[in-house]
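The values are calculated or read from the model by the stated rules, or taken from the named source; none is laboratory data. None of these values were measured; they are calculated from a predicted model. In this analysis, Cβ positions are derived from the backbone assuming ideal geometry, glycine residues included, and neighbour counts consider all displayed protein chains.
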Amino acid sequence: MAKVTVDGRTVEVPDTANALEACREAGVDVPHFCYHPKLSIVGQCRMCMVEIEGMPKVQASCTVPVRDGMVIQASSERARAARNATMEFLLINHPLDCPICDQAGECKLQDNAFDAGLPVSRMAEVRRLIPGYERTPIGPHVVADMTRCIQCTRCIRFCNEITETGELSFVERGGHTFVWTHEGKELANDLSACAADVCPVGALTVKEFRFRKRVWWLDKTRSVCDGCEIGCNVSLEHKDRIVYRTTPRVQPAVNDYWICDYGRFRSERLNEPGYTRPVVKGPGGEAKETNWGEALDAVRAALGRALENDASKVVVLGSAHLSTEENWLLARLFRDSLKVRNLEFRVDEGPARRMKRGKEWIHGTEAAPNSRGAEAVGIRRSRNGDGSALDLFLSRKNPPPAVLYIADATFSDRASDPAFVSLLRSASVLIVHARVKNALSEAADVVLPAANLSGKEGTFVNFEGRVQRFDAAIVPPPVVRTDLEILLHLGKRFGAFETGWTASDVFSRMKATVPGYAGLDWNSDDLVGNPPSTSLTSAYDVLGFERRPGEAVFSRLSVVAADVKP
Amino acid sequence: MAGLDPVPPVLTARVGTPGSRKLEGYVADGGYASWRKVLAGSSTGEWTPAKVTEMVKASGLRGRGGAGFPCGMKWTFVPPKEKRGGKPVYLLCNADESEPGTFKDRVLIEEDPHQVLEGMMLASFALDVKHAYVYIRGEMWKGAAVLNEAVAEAEAAGLLGKNVLGSGVDLDITVHRGGGAYICGEETALIESLEGKRGHPRIKPPFPAVWGVWGCPTVVNNVETLACVKHVVDRGADWFKGIGRNDRNTGPKLYCISGHVEKPGVYEAPIGIPWERLLEMAGGVRGGRKLKAVIPGGASAPMLTAAEIAGVPMDFDGLAAAKSMFGSAAIIVMDEMTDMAKAVTNISKFFAHESCGQCTPCREGTPWLNKMLKRIVAGGGKKADVEMLLSVANQMANGMTICVFADAAVAPVLSGVAKFREEFEAYVAKAGAPEYGLAAPGEVSAKVAGRTAAGMHD
């Protein structure tokens, strides 16, 4: 550790930190553009200029490694003058199109212009244009507008160092320099939209989100991506019950500053219309929308009849899409109270997903986030040919069950495959929880409308056994309930549960008995992760308004060593 | 000290003689004697790398590329073998001569390539280099061809390659042509460019002596410096030191004189000769006109007025004392007919074109200065513009950028405006006058800058 004094305040920082990080640690925000904690140091935006004692010239603080006893003047007149100068240079050619720029509101150039800019422009010449390189998609998800580029090279370094695909490069030279893809290539890689995240200005924007919502209207809620079992921390950004986008939430233990394109654009699915009321099929097979009382009574009656005859004729499917709390309630109700033995879940092999954590790739192979959580509460993982109840039934070795209770109608892609559904349908009674209509839900006798990820809270266990909490972003439509509430109310009908429990109540009841949950605290930093970033474009804004005075930055951000070597 | 007396040419002795490019002629003139001597002595211990380095140090040879850093001291910054972790050392000969007004290295390379190669060989011996590179400016295709031929001749004669002349020393020399960017003459940009990347200067430290090309210790020396090394080993440090103004400025020097003189060209003279004698060598100001200003060290050196340069010794310390710099000894002479505002505009165009685009102040500032100057000389200037030139130039320099390109780019503007302010103000005073055929300053601005907007390049 090195002791560094910034504007009179002494702080301790790791030896690998640089002067910019030391300033931040001391609570002094030095504006910057090209610096990013997970990318190499290039020191070329020249925004983070400070004075350092013993060095005659002003220094770009990100390029100076800390030394024990270093004294930094970050707010001196000379340092401010240098930053004002850089700001002026950045603004002389930047278009004044903030009103129509999608980055406005989370643009570092805007923010820093407020801090370090001049109130007037001295530029009397015509501004630079980059004709032919405006509003052009450079890949499936990223739209480039090079007149706005400030040449910080974050996107170039992102593609070189994080995705290791190197699609982007500087083109031209001097004042004409801009960023583009190599001839004949497009910006298409697993994490391509993160290039737009790291862009501090509106030069790269995400195609799917462009012009959908002004960012200052968005509410941000902590969530966890449910695309695979890696469990990337994300922030759901929403307004008026519509999720507009998903952005990464910094988590050095999982996904650093990134999310993959697949996970990012799954947020569309959260807005799909679907069941808003329970559906029960009448004796003639006609589907009828009803209320919760009738629907749950119908479920209770069907289960009651089957259990009286033979509990082994009941098959219950949990899901790797449900939270551990929901799976635990399912197990409590069916296995412990109703003595149902056939409690299983099945998860699809997903296409391989990958995520960059530090310098290593981590891989996701399943199409659901929480198979570890389902296993932890004692729900059996079912595979083809493993002799599980579901396998025996699907392979027609066992007769169809009397009741098939599926707690997640989208547990597999095959739930929209008519052949697979007709197999499941051969059960005498088919009960599903569903949010969106698919072949399986339409075949079911009872459909219980359940909120999707954006409308509920709980915990997932990721591929490394890390327990992570996600919060409810939006209130589901009026009659839709969360899986948790559905199970509580159903349990009430069998005298098993209280209906007033919340996810955190369930969490505290189950944590003693569920492996991996002992000793966890619902509100701990480990479970909650970092707050949604106030602006992804700034390295430290991820701590945003929630940073408490004196709180260490490094413990939460795992700042990389300033690796100035190429 | 008699160091300033005329001496027979050393570096340019063979220039212009028949067969000066050929190995045959070079050997006949006593070439490669030092290389053979050093190699032969290396097995007996008579010659060691340390001895060569010591000679160069003792000679007081300062880098001829522009900064004037003592050459021998630069060599000693390379970590000793046990601290290099098995990494090789590279020697790069900087032949990316692109400073406006500089054309001395081209003469050496095109006319006497073996002299440069022998200097590289001796430097490589001193630095334990197994592979040396010549990074030659892309436009100097002729020089590259000459050098390649010379390297091939030397290889054929067994002066390069594995186990040179049975001494156990290995050395290869590769000639690499640059892509034609001024900034690639900056040593770290040159290294990046040689590695196959864009020529962007690196953040220093680490310096090339520790972390250079491909992360290995690297020494970058100018063509003329390496040619001098050959003569230091040839004739000894004391002889070298005997030439020149004083102990800090030693040896023969090539001066590139261009502009308004009767006989522009490359002149060899002891370093530190007074300005007047140099001007005399070049035949004086053309047409007998009066001297107005001199840029003494390439376009990036602050210009000096006729009064300021009078009696100045033309070497590193002499020009530093006159608040300019010696640079690459590219002396651009301007007579009384020169329009200083237009001269400065022309220089600023060069720097706007050559900025690498890495650092904000330089990338944005150099075109801004150029646009402002163009507007002023086109008759669209405003009264505040002259002061603004100084203000904008000042906030680009002095540590605001990774390399010193920005400092170089603003030097002619700052010195030009400071010393010839009335000429800029005269343009501003005439702004909008009918002779420009324009109505108002604003229109000029649009018209001048419109050229930039219409295409990518002005």
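Of all residues assigned to the range A:41-60, none qualifies as being of a type in the set (S, T, N, Q), in a loop (DSSP other than H, G, I, E, B) and more than 22 Å from B:GLY399 (Cα to Cα).
Please specify each residue of the range B:107-119 satisfying the condition of being in contact with a helix residue (DSSP H, G or I) (Cβ under 7 Å, 6 or more places away or on another chain) and either surrounded by fewer than 21 Cβ atoms within 10 Å (Cβ to Cβ) or over 21 Å from B:TYR32 (Cα atoms) (or both). Across the range B:107-119, the qualifying residue is only B:GLU110. Within the range B:298-317, is there a residue that is at pLDDT 95 or above and within 14 Å of chain A (Cβ to nearest Cβ)? For the range B:298-317, residues at pLDDT 95 or above and within 14 Å of chain A (Cβ to nearest Cβ): absent. Looking only at the range B:192-207, filter to residues that are under 16 Å from B:VAL404 (Cα atoms) and either of a type in the set (A, V, I, L, M) or more than 10 Å from chain A (Cβ to nearest Cβ) (or both); which one of those is surrounded by the fewest Cβ atoms within 10 Å (Cβ to Cβ)? The selected residue is B:PHE207. How many residues does the range A:9-65 contain that are among the polar types (S, T, N, Q) and away from chain B (no Cβ under 14 Å)? Number of matching residues: 2. Restricting attention to the range A:432-451, and to residues there that are of a type outside the set (A, V, I, L, M) and buried (at least 23 other Cβ atoms within 10 Å of the Cβ), which single residue is farthest from A:GLY285 (Cα to Cα)? Step by step, filter the range A:432-451, then rank; the result is A:ARG435. Listed here are the strands (runs of 3 or more DSSP E) enclosed by the range A:142-203 that have at least 3 residues being charged (D, E, K, R) and more than 14 Å from every other protein chain (Cβ to nearest Cβ), and there are none. The residue that is surrounded by the most Cβ atoms within 10 Å (Cβ to Cβ), among those in the range A:120-141 that are under 24 Å from A:ALA85 (Cβ atoms) and more than 9 Å from chain B (Cβ to nearest Cβ), is A:SER121. Inspection of the range A:206-220 identifies no residue that is within 14 Å of another protein chain (Cβ to nearest Cβ) and modelled with pLDDT of 90 or more.
When B:GLU308 is tested against (1) closer than 14 Å to B:PHE420 by Cβ; (2) of a type outside the set (Ser, Thr, Tyr); (3) assigned to a strand (DSSP E or B), only condition (3) is not met. Scanning the range A:295-330 for residues that are over 28 Å from the mean Cα position of the chain (by Cα), assigned to a helix (DSSP H, G or I) and either among the aliphatic types (A, V, I, L, M) or surrounded by 23 or more Cβ atoms within 10 Å (Cβ to Cβ) (or both) yields A:ALA295, A:LEU296, A:ALA298, A:VAL299, A:ALA301, A:ALA302, A:LEU303, A:ALA306, A:LEU307, A:ALA311. Among the residues of the range A:401-431 satisfying the criterion of being of a type in the set (A, V, I, L, M) and under 27 Å from the mean Cα position of the chain (by Cα), which is surrounded by the most Cβ atoms within 10 Å (Cβ to Cβ)? So, considering only residues that are of a type in the set (A, V, I, L, M) and under 27 Å from the mean Cα position of the chain (by Cα), the one surrounded by the most Cβ atoms within 10 Å (Cβ to Cβ) is A:ALA409. Here A:PHE545 qualifies as part of a helix (DSSP H, G or I), within 25 Å of the chain's Cα centre (by Cα), at pLDDT below 50 and not acidic (Asp, Glu). Looking only at residues of the range B:157-179 that are outside any strand (DSSP E or B), in contact (Cβ under 8 Å) with a residue 40 or more places away in the chain and surrounded by fewer than 14 Cβ atoms within 10 Å (Cβ to Cβ), we find that the one that is farthest from the chain's Cα centre (by Cα) is B:GLY168. Which members of the range B:370-403 meet the condition of being more than 8 Å from chain A (Cβ to nearest Cβ), part of a loop (DSSP other than H, G, I, E, B) and either surrounded by 24 or more Cβ atoms within 10 Å (Cβ to Cβ) or touching a residue at least 12 places away in the same chain (Cβ under 8 Å) (or both)? Selection gives B:GLY381, B:LYS383, B:ALA397, B:CYS403.
Restricting attention to the range B:404-424, the residues that are touching a residue at least 40 places away in the same chain (Cβ under 8 Å) and among the charged types (D, E, K, R) total 3. Out of A:VAL299, A:VAL315, one residue alone is assigned by TED's automatic domain parsing to the domain that holds A:ILE406 and touching an Asp or Glu at 6+ places or on another chain (Cβ under 8 Å). It is A:VAL315.
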